[in-house]
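Reading through the C-alpha cells given below for one structure.
Every number in this text was worked out from the coordinates using simple rules, so none of it is lab data. Being a predicted model, the structure only gives us computed values, none of them experimental. Positions of Cβ are backbone-derived with ideal geometry, glycine not excepted, and every protein chain shown enters the neighbour counts.
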Amino acid sequence: MENIKVISFDADGTLVDLKFVDLVWNFGVPKLFAEKEGIDFEKAKKYTKKEYDKVGENSIKWYDISYWFDYFDLGESYTDLIKSLSMEVEIYEEVSLVLEELSDEYELVISSNAQREFLDVEIESIKEHFSHIFSSTTDFRLVKKTPDFYEKVCRVLDVSPDEMVHVGDHWNFDVICPKKLGVTAIYLDRNGKNVPDNGHNLVVNNLEEMLKLL
C-alpha cells in the first residue's frame with residue numbers, strides 16, 4: 001500500500017460504540033413520546049419502532065432526527081436529547097492510539113452514514129485527528145454509502161480511489177461499495193465471525209491490527 005495518502009474510517013461500530021445511537025433512537029425518542037402521549041414506555045417504544053420501519057432505511061427521512069421530532073410532535077429540541085445522552089458515547093479503546101500513529105503518515109477522514117448532528121457529538125474527543133468528516137446523509141443527501149459517495153469524497157480530497165483506504169464494520173457499505181470504485185477496503189469484524197466467504201482477505205478484529213496491513 002505504498003501509494004496510499006488517505007485513510008477513511010466509518011464511525012458507528014468502527015470508532016464509536018453503538019450504545020449512544022441506540023439510546024437516542026430506542027430510548028430517548030420513545031421516552032419523550034411516552035411522556036407526551038401519557039402511555040407506558042414499552043408501548044411507546046413499539047410504536048416508534050413501527051413508524052421507523054414504515055419509512056425504512058432506504059429513505060433519507062429514516063436518518064433524520066429532526067424529521068422524527070416533527071413527526072412525533074415531540075416539541076422539544078432534538079439537540080437537547082442528543083446532549084443529554086452524550087455522556088454515553090464510548091470510543092473503542094484502541095482508537096486513540098491508532099489515530100495517533102496513523103496521523104503522522106496519512107491524512108485521516110471519517111466517511112459515515114450517520115447524520116452530522118450525531119457525528120459532531122460522537123467524535124468530539126478525537127476530531128483533532130481528522131481533516132474532513134463526511135456524512136453521506138447530511139452532506140450529500142445519500143441514504144447509504146454508495147460508490148458515488150466515495151467518489152465524491154475522493155473528489156473533495158483531491159485523491160484517486162487507489163490512494164485511499166477505507167475501514168469499517170458494514171460489509172456492503174464499507175467493503176463492497178468502496179471496492180467498486182477502486183478504494184482499498186479493510187473489513188472490521190469485531191466479533192470475529194461475520195466475514196462472508198468470498199475470499200476478501202483484508203479483515204481485522206480491531207483497528208490496531210490494521211497497522212500491520214498498511
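A simple rule links phi to the HN-Hα coupling: the Karplus curve 6.51 cos²θ - 1.76 cosθ + 1.60 with θ = phi - 60°, which for region 101-106 gives 5, 6, 5, 6, 10, 10 Hz, with x for Gly and Pro. For region 54-61, 3J(HN,Hα) computed residue by residue from phi via the Karplus equation (6.51, -1.76, 1.60; θ = phi - 60°) reads 4, 6, x, 6, 7, 9, 4, 4 Hz, glycine and proline entered as x. Using the rule -39500 (n - 2.57) for each DSSP H run of four or more residues, divided by the residues of the chain, the 222 nm mean residue ellipticity is -10000 deg cm²/dmol. Please work out whether region 19-87 counts as rounded, prolate or oblate from its C-alpha gyration tensor, where a ≥ b ≥ c are the square roots of the eigenvalues and a/c under 1.5 means rounded, while otherwise a/b larger than b/c means prolate and anything else oblate? It is rounded, given that a/c, with a ≥ b ≥ c, falls under 1.5. Computed over every Cα-Cα pair of region 110-214 and binned at 10 Å starting from 0, the pair-distance distribution P(r) comes out as 15, 44, 37, 4 percent. Among the listed pairs 19/83; 5/212; 61/145; 49/145, those with a Cα-Cα distance over 19 Å are 49/145. What the phi angles of region 164-174 give under the Karplus curve with 6.51, -1.76 and 1.60, with θ = phi - 60°, is a coupling list of 10, 10, 10, 10, x, 9, 9, 4, 6, 5, 9 Hz, glycine and proline written as x. For the peptides 82-92, 4-14, the ranking by mean Cβ contacts within 10 Å, running from highest to lowest, is 4-14, 82-92.
By the beta-carbon count within 10 Å of each Cβ, the least crowded to most crowded order of 1, 164, 210, fewest first, is 1, 210, 164. Amide H contacts of residue 16: 92, each under 5 Å away and 5 or more positions distant or on a separate chain (H built 1.01 Å from N in the peptide plane; Pro and chain starts excluded). For the chain, averaging the sequence separation of C-alpha pairs within contact (under 8 Å, six or more residues apart) and dividing by the residue count gives a relative contact order of 25 percent.
Would you give the gap between the C-alpha center of region 1-60 and the C-alpha center of region 119-152, rounded to a whole Å? Centre-to-centre (Cα) distance: 16 Å.
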